[in-house]
Amino acid sequence: MSRLFRDLDGGPVCPDGSVVCIGAFDGLHLGHQALVRHAVARAHALGVAAVALSFEPLPREFFAPASPPPRLMLPRAKVRALQALGVDTIGLLRFDARMAALSAEAFIGLVLAGRLRAREVWVGPDFRFGHRRGGDIATLHREGGVHDFVAGEIEPLALDGERVSSTRVRAALAAGDFATATRLLGRPYAISGHVVRGRRLGHTLGYPTANLRFGGKVPALRGIYATRVRGIAGGADADRPWPAVSSFGTRPTVGGVEPLLEAHLFDFDGDLYGQRIEVEFVARLRDEEKFDDLPALVAQMDRDAAQARSLLAAPETMPRPGGIPFSPREKVARSAG
């Protein structure tokens with residue numbers, strides 16, 4: 001189990017030294033994975049801890065609270081994914097006013113040298129950090145000489161002639177291009193979490209749903225989707241996909257405000273409240289709409305469900321890739337949503 005820390009201050013987290021990689025890691029796409037895996041390999045070679053250092057909230061969320069960037073991944077999912085990549089220690093540093101005012105040199109002294117006893121620091125292309133983004137790879141090289149660590153920058157990873165980035169993943173998801181998103185991520189795009197209780201309106205309308213909140217973040221996609229849900233069956237079948245039609249949005253017809261992911265599992269009867277599930281997005285059906293009344297909404301839901309069933313019943317043309325095992329593989333009792 002990886003160790004998690006969030007504070008700038010405190011004693012050494014890695015007293016025997018570490019190899020550190022730094023990034024936002026939103027989505028943990030193939031470029032992120034290459035950086036993390038490189039740091040883990042270097043840590044193993046040196047016999048020290050591998051550390052992934054990130055921030056929560058993301059700096060762009062802190063500086064633009066009224067128009068934050070869409071998020072691909074919630075903090076808990078990021079931690080689980082980094083653990084799966086072999087990271088020993090994860091830093092989700094609180095990005096607040098103090099952090100924003102911290103110079104690059106002070107950050108290096110407090111965190112990289114002080115808390116992590118870094119021996120190597122690895123970053124991605126064009127990495128910037130510190131107050132007003134004043135620090136870069138040259139800063140790390142210079143300060144490394146003072147604090148006795150070396151720094152390096154990995155080469156950008158390209159796909160189809162363009163750099164792999166979270167921005168490209170967000171654009172693919174917004175366009176409903178899940179094939180491209182899968183190639184950039186190295187796995188199908190999915191959102192996982194614990195099922196929460198809703199208003200039970202779906203039961204009334206004949207479409208009971210398993211509901212996942214998105215932690216107050218802005219999601220990278222909205223609309224109605226054909227999906228597969230994992231974590232439903234128990235035991236060895238916990239990763240078996242269950243076909244579903246899902247809505248991700250604010251539910252304007254019924255006056256919703258908070259983005260909510262609602263998955264209606266076809267031909268499922270049980271109770272999923274409190275269980276951890278994963279919703280994998282397969283195909284985009286349409287935009288979220290506001291209907292004049294509930295009968296009109298239900299009529300459209302009937303059409304959505306029929307379309308999703310048809311899409312999901314077709315033979316899969318793309319096997320689920322390897323890479324980060326996001327699916328919850330712990331035993332989940334058969335229950336219903």
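I'd like to know which of Phe5, Gly216, Tyr189 lies farthest towards the positive end of the charge dipole of the chain, counting +1 on Cβ of Lys and Arg and -1 on Cβ of Asp and Glu.
Most positive-ward Cα: Phe5.
Mind checking the alpha-carbon convex hull of the stretch 3-159 and giving the volume per residue in Å³? Please list the in-between numbers first.
On the way: hull volume 16.9 nm³, N = 157.
Each residue corresponds to 107 Å³ of Cα convex hull volume.
Placing one identical point scatterer on every Cα of the chain and ignoring solvent, what is log10 I(q)/I(0) from the Debye formula at q = 0.10, 0.15, 0.16 Å⁻¹?
Summing over Cα pairs of the chain leads to -0.64, -1.22, -1.33.
Label the stretch 141-202 by shape, choosing from rounded, prolate and oblate, from the square roots a ≥ b ≥ c of the eigenvalues of the Cα gyration tensor; if a/c is under 1.5 it is rounded, and otherwise prolate applies when a/b is larger than b/c, oblate when it is not. Please report the intermediate quantities before stating the final value.
Values: a/c = 4.20, a/b = 1.73, b/c = 2.42.
It is oblate, given that a/c is not under 1.5 and a/b is not larger than b/c.
None of the figures in this text is laboratory data; all of them are computed from the coordinates on show. Values in this document were obtained by computation on a predicted structure and should not be read as measured data. Using ideal geometry, Cβ is built from the backbone for each residue, glycine included, and neighbour counts are taken over all protein chains shown.
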